[in-house]
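Taken together, the values in this text are just the output of simple stated rules run on the coordinates, not laboratory data. For clarity, every value in this text was computed on a predicted model and none was experimentally measured. All Cβ positions, glycine included, derive from the backbone under ideal geometry; neighbour counts span all protein chains shown.
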Amino acid sequence: MKLTLLAAAAGTLAALAVLPATAQDTAPIKERQALMKENGKAAKAAGQMLKGETAFDAATAAQIFASMHATAAKFGTLFPENSKTGGDTEAAPAIWQKPAEFQAAVAKFEADTKAASETKVADLDAFKQAFGKVAQNCKSCHESFRVDK
């Protein structure tokens with residue numbers, strides 16, 4: 001009887017010891033998805049101005065860049081090892097296979113969004129130029145580090 005209880009306790013402890021190493025953390029996945037959703041809203045608003053669907057507005061342009069920069073500043077910190085899968089993530093394995101390249105892409109996005117947010121865009125042409133640099137970051141990162149579902 002003692003041996004059976006001891007074996008059961010050892011099995012339970014072994015299972016618990018493995019749990020933290022294999023448990024998936026969906027909190028960072030949810031946070032990065034929420035950030036990208038906000039980024040998408042900002043990009044959509046920018047696209048509407050660029051297409052002439054809405055009038056150019058310098059205050060809105062500044063808000064778009066500020067929002068995208070806030071996302072860029074947080075985004076790179078939301079990829080712990082235990083968030084590779086789960087939560088309907090679209091993060092590509094390359095993020096963890098090529099961490100230096102991923103962090104460089106995030107740093108470029110952060111630098112470009114910071115520069116854009118510090119630029120006083122007075123007209124649509126200036127906005128188009130600044131947003132073009134930011135949007136190129138989005139495109140290249142999505143091509144390399146995102147899985148299309």
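Table for the structure above
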item: C-alpha center-to-center spacing [region 59-104, region 106-137] in angstrom; result: 18
item: Amide H partners (placed H, <5 Å) of ALA91, local residues excluded; result: VAL147
item: Net length gained if the chain between ASP125 and HIS142 were fully extended (0.36 nm per residue, minus Cα distance); result: 3.6 nm
item: Cross-link partners of LYS44 among lysines (Cα-Cα below 28 Å; sequence separation of 8 or more within a chain); result: LYS30, LYS74, LYS84, LYS108, LYS114, LYS120, LYS128, LYS133, LYS139, LYS149
item: Potential lengthening between ASN82 and GLU118 on full extension [0.36 nm per residue; Cα-Cα distance subtracted]; result: 9.4 nm
item: Distance between modelled label sites at LEU50 and ALA94, nm, 7 Å Cα→Cβ extension; result: 2.1
item: Sites ALA34 and ALA104, calculated FRET efficiency, Cβ-Cβ separation with R0 35 Å, nearest 0.05; result: 0.90
